Amino acid sequence: MTFYVLQALNGLAYSMLLFLLAAGLSLIFGLMDVVNLAHGGFYMLGAYLGLSFVRWTGSFWVAVVLVPPLVAAGGFLLEWEFLRPLYRRTHLDQILLTFGFAFVISDVVRWLWGAEVQSLAAPPGLDRSIPMLGTLFPAYRLFVIALGGALALGLWLGLSRTRLGAIVRAGVANKEMTQAMGINIAAVFTGVFAFGTGLAGLAGVIAAPIQGVFPGVDFETLIVTLIVVVVGGLGTLTGSFWGSLLIGEAETFGKTLLPEAALVVIYLVMAAVLLVRPRGLFGGRTR
Amino acid sequence: MAPARKAGGWSGTARRITRRQFLGAAALGGAALAAGVRLSGGMRAGRFGVPAALAAGPVKIGLLVSYSKVYGQLGEDITDGMILYFDSVKWRGGGRQITWIREDEEIDPQVGVRKARKLIEADRVDLLAGIVATPTAYAIRDMVHNSKTILIVSNAGGNLLTRARKSPYIFRVSFTSWQVSYPFGKWFYSNIAREAALTAANYGFGTESLAAFKESFIPAGGKVVGEVLPPLNNTDYAPYITQVQKLNPEAIYNFYSGSDAVRFVAQAAQYGLMKSTRVTGAGFMVEQDVLPAEGANALGITNPLHWALTLQNPENRAFTRAYRDRFKRDASVFAMQGFDTARVIVEGLNRTNGDTSDKDRLSEALAGVKFASPRGAFEFDPNTHNVIQTVYVRQVRQVGKDIANVVFDNLGRITDPGK
């Protein structure tokens, strides 16, 4: 029994990481109708920048604070300079642009940081294992669970209780109407894009002590994030949350209970969900 | 007024070429072309009595390794090892200049096949070298064998290439998965523990290594308490580590390589696994390409491998020093394999006086190559064309300021059984 509780905890830590990524991607799509395929690239950029910041300053927490705004600035630049002119165009053009940037980021990272696998140590204090339920569990993963939960709560409160949140939700529901109400929808777009990208950067730094830092992590992560977003529903934060929980736990228990099928479990879950609810668990827009 | 144009379109000054003149010129040109082709082909083989070395151009090597994705660093290491050796002989072998064309196998067998075909058929390389990933090696094996292209494998360790799918044209400078793990099973029983849990990335290299370990561990009396097989390229090892903890083994034997190894070691340390059981694994888990990233987490891991940075013999001391001076990083087993690949090629060329046209002759010459390598004595098994080498037992220890694999025991000369 404790074995399953432990595995559920493992899955929870993984789900929180997925949530950080999926939330950004889902909001960007919900609001702007743009699939940002460079999202994985920003995640990777966050991880590598985190690595460098830790090397320069010796502190993990400094990296956690400084890296997300830096990555958000990158997202801002991408949106402002390159994506804006394409809003009138088809989805394909936007996808091509973001996908192209994904490759550019991938190569720039490789060029600047090299191809070897690197790792980031968990900060002192969190790098020990806590005896619980008869075995040892990493303190850092408990931290990730706590952080993810706190961010989820913060984002939900922000979206549902603040005026800015109301604007974003209105934009997701019907952007033309929101614009007609006098809101500068273009500024909201840029803001959400930058924020979502910043979240991806944060996820990169937080995940680095668990996942390692290496070329290829961008596309690996992008694929799982897309699955989460599709399962949860595009454009909804609640969808991202429950989607990441579902996929995170499915992946963990899939590995435990069906080791031969471990690679396909999350795809099977996605297929099953889409069969029953084609718009994802909480998807479905009002326009 | 513009001059009237003649029917036919040309201006008045050009002469008309008669059909006869045209045919004559074409015939002459065709004959010259054919003779030229014949001559260059013939001169290569020395058929006109001209020594191949004088007449032929440079030796073209096709180097196919991975420069991208998960095993990108291995490709860089192999290439740098080769550069180091070729530089030391001024890029000459058998009296000829050596050049190469490099391609990225990307860890995708389909890409590997395509690039190998390009190198063999379009670029017409004299020999092929490299191959990091076993699936790629298996995928190109038939193409290489049927086209009689000499392939020097610098890394891929799948057993089959030395057994059911061996070829006189394929030489392996690196190892077979069996070579590294088999001798360790018995040693593990006598020196570590009588029972073990096994874990490995679930692909050819991983499963072959565990099978080889069991081949000598179980007959010695060892008991396997459980096997856990995460997929290759797995990011989160938590569920698997929890399963190992549930088995509560005295010791474990693992196989992971590349980024999988870094992640596994980091996460196992986070779960306290390094303290609760004796952790051992095939040497790739803690080799130089990943050891710096693993750092103190890897301390204490006992591991078998056919080389170590700290191996004390004159060739290795010279090699590691030169590599460090030149490339500003420590050599890895992959760099050493690249170094030996280059040496094998040069020694083979020397033995045939630079003749690369007769593949059977070149194959025989390569099979007889023997020398002192940084790993110890190097020779090929004449039956399988796989390297015969010593496998060492190492442990990750703190050596001054650094963390390194220190050799403390020796498992003897190991020859792959070939079937």
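A few remarks follow.
- Selection status of residue B:300, in contact (Cβ under 8 Å) with a residue 60 or more places away in the chain, assigned to a helix (DSSP H, G or I) and more than 21 Å from the chain's Cα centre (by Cα): no
- Residue check, residue A:124 surrounded by fewer than 20 Cβ atoms within 10 Å (Cβ to Cβ) and assigned to a helix (DSSP H, G or I): no
- For the range A:128-147, the tally of residues that are in contact (Cβ under 8 Å) with a residue 24 or more places away in the chain and either in a loop (DSSP other than H, G, I, E, B) or at the interface with chain B (Cβ under 9 Å from one of its Cβ atoms) (or both) stands at 6.
- Restricting the range B:291-314 to residues that are buried (at least 17 other Cβ atoms within 10 Å of the Cβ) and in contact with a Pro (Cβ under 8 Å, 6 or more places away or on another chain), the residue that is nearest to the other protein chains (Cβ to nearest Cβ): B:307
- Test for residue B:287: is it at pLDDT 90 or above, within 14 Å of chain A (Cβ to nearest Cβ) and under 21 Å from the mean Cα position of the chain (by Cα): yes
- Scanning the range B:232-246 turns up no residue that is more than 20 Å from residue A:256 (Cα to Cα), of a type in the set (Asp, Glu) and not assigned by TED's automatic domain parsing to the domain that holds residue B:331.
Let's see how each residue does on (1) crowded, with 16+ Cβ neighbours inside 10 Å; (2) hydrophobic (A, V, I, L, M, F, W, C); (3) free of Cβ contacts under 8 Å to residues at least 40 places away in the same chain; (4) assigned to a loop (DSSP other than H, G, I, E, B):
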site: B:316; (1), (2), (3), (4): yes, no, no, no
site: B:326; (1), (2), (3), (4): no, no, no, no
site: B:336; (1), (2), (3), (4): yes, yes, no, no
site: B:340; (1), (2), (3), (4): yes, no, no, no
site: B:382; (1), (2), (3), (4): no, no, yes, yes
site: B:419; (1), (2), (3), (4): no, no, no, yes
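- Residue selected from the range B:162-180 under the condition out of contact with any strand residue (DSSP E or B) (no Cβ under 7 Å at 6 or more places or on another chain) and of a type outside the set (Phe, Trp, Tyr), by the criterion farthest from residue B:340 (Cα to Cα): B:164
- Checking B:206, B:222, B:226 one by one, the residue that is within 26 Å of residue A:255 (Cβ to Cβ) and surrounded by fewer than 24 Cβ atoms within 10 Å (Cβ to Cβ) is B:226 and no other.
- Out of A:109, A:64, sole residue that is within 14 Å of chain B (Cβ to nearest Cβ), β-branched (Val, Ile, Thr), surrounded by 14 or more Cβ atoms within 10 Å (Cβ to Cβ) and part of a helix (DSSP H, G or I): A:109
- Those residues of the range B:66-119 which are touching a Ser or Thr at 6+ places or on another chain (Cβ under 9 Å), closer than 22 Å to residue B:347 by Cα, buried (at least 19 other Cβ atoms within 10 Å of the Cβ) and not aromatic (Phe, Trp, Tyr), in sequence order: B:77, B:78, B:81, B:82, B:94, B:96
- Tally of residues being free of Cβ contacts under 8 Å to residues at least 40 places away in the same chain and either at the interface with another protein chain (Cβ under 9 Å from one of its Cβ atoms) or among the hydrophobic types (A, V, I, L, M, F, W, C) (or both) across the range B:215-236: 13
- Single match in B:198, B:232 (criterion: hydrophobic (A, V, I, L, M, F, W, C), outside any helix (DSSP H, G or I) and under 30 Å from residue B:81 (Cα atoms)): B:232
- Some residue of the range A:192-205 being in contact (Cβ under 8 Å) with a residue 60 or more places away in the chain, under 23 Å from residue A:11 (Cβ atoms) and β-branched (Val, Ile, Thr): yes
- Residues of the range A:26-48 satisfying the condition of being at pLDDT 90 or above and crowded, with 24+ Cβ neighbours inside 10 Å: A:38, A:39, A:40, A:41, A:42, A:43, A:44, A:45, A:46, A:47, A:48
- Odd one out for residue A:162, checked against (1) more than 14 Å from every other protein chain (Cβ to nearest Cβ); (2) in contact (Cβ under 8 Å) with a residue 60 or more places away in the chain: (2)
- For residue B:81, the criteria (1) at pLDDT below 90; (2) in contact with a helix residue (DSSP H, G or I) (Cβ under 9 Å, 6 or more places away or on another chain); (3) of a type in the set (Gly, Ala, Ser) hold in every case but one, which is (1).
- Residue A:174 touching a residue at least 24 places away in the same chain (Cβ under 8 Å) and not aliphatic (A, V, I, L, M): yes
- Count of residues meeting criterion [acidic (Asp, Glu) and under 20 Å from the mean Cα position of the chain (by Cα)] in the range B:362-419: 3
- Hey, residue A:268 in contact with a His (Cβ under 9 Å, 6 or more places away or on another chain) and surrounded by fewer than 20 Cβ atoms within 10 Å (Cβ to Cβ) or not: no
- Test: residue in the range B:248-265 that is surrounded by 23 or more Cβ atoms within 10 Å (Cβ to Cβ), in a helix (DSSP H, G or I) and hydroxyl-bearing (Ser, Thr, Tyr): yes
- Residue check for residue A:104: in a helix (DSSP H, G or I), surrounded by 19 or more Cβ atoms within 10 Å (Cβ to Cβ) and not polar (S, T, N, Q): no
- Cβ-Cβ under 6 Å pairs, at least 6 apart or on other chains, the range A:1-24 side assigned to a helix (DSSP H, G or I), far side among the charged types (D, E, K, R): A:3/B:246; A:11/A:249; A:13/A:141; A:14/B:236
The values are calculated or read from the model by the stated rules, or taken from the named source; none is laboratory data. Quick caveat, the model's predicted, so the values are computed rather than measured. Backbone-built Cβ (ideal geometry, glycine too); neighbour counts: all protein chains shown.
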